[in-house]
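K.L.:
One structure is given below, represented as structure tokens, and several questions about it will come after.
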Amino acid sequence: MAASLGFGGNNAIDKFNANATPDAAAPAYPGPTQMLNDHVLTPASISSIQVHGATNTRRSLLDHVFKPVVEDAAAPGTTLGQVLDRVGVATKKLARFDIFKEEGFGVFLSEAPRSPSAPPTDITDLDISIRVKEKSRLVFSAGTDFGNAEGSAYTNAVARNIFGGAETLSVNASTGTRTRSAYNATFSTPINGNPDLRLSVEALRSATQKPWASHEEHLTGANLRLAWLTEHGDTHALAYSGIWRQLTGLSATASPTVRAEAGDSFKSSLTHTFTRDRRDNPMLPQSGYLFRSISELAGWGPLTGDVSFAKTEVEASGALPVTIPGLAAKSGVSLGAGLRLGVLYPLPLGYSLVGAAQPSRINDRFQLGGPNDVRGFKTGGLGPHDGADAVGGDVFAAGSVNALLPLPRTGPDSPLRLQLFANAGRLVALNSKGTNKEGKEGLAMDSAAVFKGVKSAVGELTNQLPSLAAGVGLVYAHPVARFELNFSLPLVQRRGEEGRKGLQVGVGINFL
């Protein structure tokens, strides 16, 4: 953000000769640093703030940003330094609306003209002029994108500042290696002129192939999302989703478990996501840590729908730089570790916590394994299987350790690294057999059976060795995705699980 600040006064700059002979009769002359400090401590107030270049932006939005600055500057004892700090905070806040070009900011200060009849005062009254350049209001783009275990091609249209209040409408269409088609439209607006508090509404429709479970999943629905950024840099998002789901397109070899769950379901859920990211580089962290939690409540109470559960997933990871004696302080060598835990707890529909609960469905259960997950196993390769189909589990734990080393002649700042890793995971399903009112075995489970099943599944995570793999590979950290080429060797593998010995390619933004 560029800024130009000007101050009045005849003695603002004077020549200073460090070799001059001091004159005992001359008064002591303050140095430049002392002069600047004295200037910053001068009492000051704001006469006016003018924003130039915001032709398509509502006055009310600008008032939300700059009116508190003017009011705070009116307090007795306010100094020029405090005014400058508050104006800087306000302009940074204005930039976070993402409707102005960052390089287009300019801040200019001048002393406001004083009326000849005004009483003398030592307070400097300021006129502040802020110049901005608005971004294009309509943007079209097309290209390729990378998510976990998938690449896609997309077209996107974005309309910015639609009503002058930093609103955004984004319409996107994409097709990919797994997602056959996806369409979504999202309208987003800041709340009460706060760029760190946004409300968005999304409509979506998609069709995704899931070859590890011999079916396709079609989604049609909408999301309502409120997201906010805390003063410490943490992010929260609270979302309501209403999604009609179709499990269809079964292959000829689909297992009985997949066939039994084919058809339609409707999920109505609330989800809270918390993220604290203190990593120096999300794609190639050399220091710092990440903590993320995702909590979802579906179908219980007023949420209705035909699936009901509480689901929580927690992720923590960190990296530490390694200093090698005899080398520069920054060696490019780092050690990292990650841990992910998750549990899905079936609940009865309605408001009761003691009624009968249906077992979880395949499109709600966790999947584990793959080049972006537990390396050395196929996508969905860990956990319960019915034949060749990965049917998922209700409780899981996965962890990894790795060392990243710079390649010869690349240097510590290169995005290319040699990786040594070991990772492990365990995915367990609840015993979904319950008893009905006549005492016969059935699918529905009472609250005691659910609790016993979850407790047993959690205990099973630690009663045996987890599935384990180790390997070596290359990592390239591109700004939009992380690429990995690894040679993996499964060391512990359970019956029915699918390991992947040999080369494995991973492309994505999240890695264990």
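Read-outs: derived from the displayed coordinates by stated rules, not from any lab. Computed from a predicted structure; not experimentally measured. We place every Cβ from the backbone using ideal geometry, glycine too, and count neighbours over all the protein chains shown.
K.L.:
Going from the alpha-carbon gyration tensor of the chain, what semi-axes, largest first and in whole Å, does one get by taking the root of 5 times each eigenvalue?
P.N.:
On the way: eigenvalues 620, 185, 92 Å².
Semi-axes, largest first: 56, 30, 21 Å.
K.L.:
Among K93, K267, which comes first, then next, by fewest other beta-carbon atoms within 10 Å?
P.N.:
Working: K93 17, K267 24.
In increasing order of surrounding Cβ atoms, one gets K93, K267.
K.L.:
Quick check on the chain: helices-only [θ] at 222 nm, where DSSP H runs of length 4 and up contribute -39,500 (n - 2.57) each and the sum goes over total residues. Nearest 500, please.
P.N.:
Values: 5 runs with 60 residues, N = 512.
Rounded to the nearest 500, it is -3500 deg cm²/dmol.
K.L.:
A follow-up question, please. Using the 10 angstrom Cβ neighbour count as an exposure proxy, how do E217, E231 rank, fewest first?
P.N.:
Details: E217 18, E231 6.
So the residues, fewest neighbours to most, are E231, E217.
K.L.:
Provide W228, W300 in ascending order of the number of other Cβ atoms located within 10 Å of each residue's Cβ, fewest first.
P.N.:
On the way: W228 15, W300 22.
Listed from fewest to most nearby Cβ atoms, that is W228, W300.
K.L.:
For the chain, what are the DSSP H helices with axial Cα length of 15 Å or more and mean Kyte-Doolittle hydropathy of at least -0.5?
P.N.:
Working: long enough: 59-73 (20 Å, 0.02); 80-95 (23 Å, 0.42); 447-460 (20 Å, 0.51).
Counting only whole DSSP H runs, the qualifying helices are 59-73, 80-95, 447-460.
K.L.:
Shifting gears a bit: At a Förster radius of 30 Å, what calculated FRET efficiency corresponds to the Cβ-Cβ distance of R114 and K92, to the nearest 0.05? Mind dumping the intermediate values first?
P.N.:
Numbers: r = 31 Å, r/R0 = 1.02.
The calculated FRET efficiency here is 0.45.
K.L.:
Separate question: Select from L491, Y154, T144 the residue farthest towards the positive end of the dipole of the chain; place +1 on Cβ of Lys and Arg, -1 on Cβ of Asp and Glu, and compute about the Cα centre.
P.N.:
The one lying farthest along the dipole's positive direction is L491.
K.L.:
With a ≥ b ≥ c the root eigenvalues of the C-alpha gyration tensor of segment 41-124, is it rounded (a/c under 1.5), prolate (a/b larger than b/c) or oblate? Intermediate values should be presented prior to the final figure.
P.N.:
Numbers: a/c = 2.26, a/b = 1.90, b/c = 1.19.
Verdict is prolate for segment 41-124.
K.L.:
Still on this structure, please answer the following. How large is the convex hull of the C-alpha atoms of segment 383-512 per residue, in Å³?
P.N.:
On the way: hull volume 18.3 nm³, N = 130.
Normalising the Cα hull of segment 383-512 by residue number yields 141 Å³.
K.L.:
Shifting gears a bit: Rounded if a/c is under 1.5, else prolate if a/b is larger than b/c, else oblate: which is segment 325-398, with a ≥ b ≥ c the root eigenvalues of its Cα gyration tensor? List each step's numbers first, then the result.
P.N.:
Numbers: a/c = 5.62, a/b = 2.13, b/c = 2.64.
Verdict is oblate for segment 325-398.
K.L.:
Could you list which residues have their amide H under 5 Å from that of G249, counting only those 5 or more apart in sequence or on another chain, with H placed in the peptide plane?
P.N.:
Answer set, sorted by chain and number: E216.
K.L.:
Once you have the Cα-Cα distance between A403 and T253, take 0.36 nm times their residue separation minus that, and quote the gain in nm to one decimal. Don't skip to the end; give the middle numbers.
P.N.:
On the way: separation 150, 0.36 × 150 = 54.00 nm, distance 4.07 nm.
Full extension of this stretch gives 49.9 nm more.
K.L.:
For S206 and T235, calculate 0.36 nm times their separation in residues minus their Cα-Cα distance, and state this gained length in nm to one decimal. If you can, show how the numbers build up before the last one.
P.N.:
Numbers: separation 29, 0.36 × 29 = 10.44 nm, distance 2.68 nm.
Result for the pair: 7.8 nm of gain on full extension.
K.L.:
Exceeding 30 Å between C-alpha atoms, which entries from my cross-link table qualify? They are K267/K455; K210/K311; K267/K378; K267/K452; K93/K267. Don't skip to the end; give the middle numbers.
P.N.:
On the way: K267/K455 25 Å; K210/K311 21 Å; K267/K378 28 Å; K267/K452 25 Å; K93/K267 37 Å.
Beyond 30 Å between Cα atoms: K93/K267.
K.L.:
Would you work out which of L297, S241, S214 lies farthest towards the positive end of the dipole of segment 194-307? Charges go on Cβ: Lys and Arg +1, Asp and Glu -1.
P.N.:
The residue sitting farthest along the positive end of the dipole is S214.
K.L.:
What ³J(HN,Hα) values, in whole Hz, does the Karplus curve 6.51 cos²θ - 1.76 cosθ + 1.60 give for segment 186-203 when θ = phi - 60°, with x put for Gly and Pro?
P.N.:
Taking θ as phi minus 60°, the curve returns 10, 10, 10, 8, x, 9, 6, x, 10, x, 9, 9, 10, 10, 9, 10, 10, 10 Hz for segment 186-203.
K.L.:
Here is a follow-up. How large is ³J(HN,Hα) for each residue in segment 467-484, as worked out from phi by the Karplus curve 6.51 cos²θ - 1.76 cosθ + 1.60 (θ = phi - 60°), to whole Hz, x for Gly and Pro?
P.N.:
5, 9, 9, 9, x, 9, x, 10, 10, 10, 9, 8, x, 9, 6, 10, 10, 10
K.L.:
How many nm separate the modelled label positions at F274 and E460, each set 7 Å beyond the Cα in the direction of the Cβ?
P.N.:
About 3.0 nm, to one decimal.
K.L.:
Could I ask something else about it? Length gain on complete extension for the stretch F451 to F163, per 0.36 nm per residue less the alpha carbon to alpha carbon distance? All intermediate terms of the calculation are to be shown ahead of the outcome.
P.N.:
Numbers: separation 288, 0.36 × 288 = 103.68 nm, distance 5.11 nm.
Length difference between fully extended and current span is 98.6 nm.
K.L.:
Quick one: if you stick a label point 7 Å off each Cα along the C-beta vector at L138 and V171, how many nm between them?
P.N.:
Between L138 and V171, the simple spin-label model gives 1.0 nm.
K.L.:
While we're on this one: Quick one: divide the alpha-carbon radius of gyration of segment 141-246 by 2.2 N^0.38 Å and tell me what you get. Please list the in-between numbers first.
P.N.:
Numbers: Rg = 15.8 Å, N = 106, 2.2 N^0.38 = 12.9 Å.
Segment 141-246 yields a ratio of 1.22.
K.L.:
For segment 176-182, take each phi angle, set θ = phi - 60°, evaluate the Karplus expression 6.51 cos²θ - 1.76 cosθ + 1.60, and give the result in whole Hz per residue in order, putting x for glycine and proline.
P.N.:
Residue by residue, segment 176-182 yields x, 5, 10, 7, 5, 7, 8 Hz.
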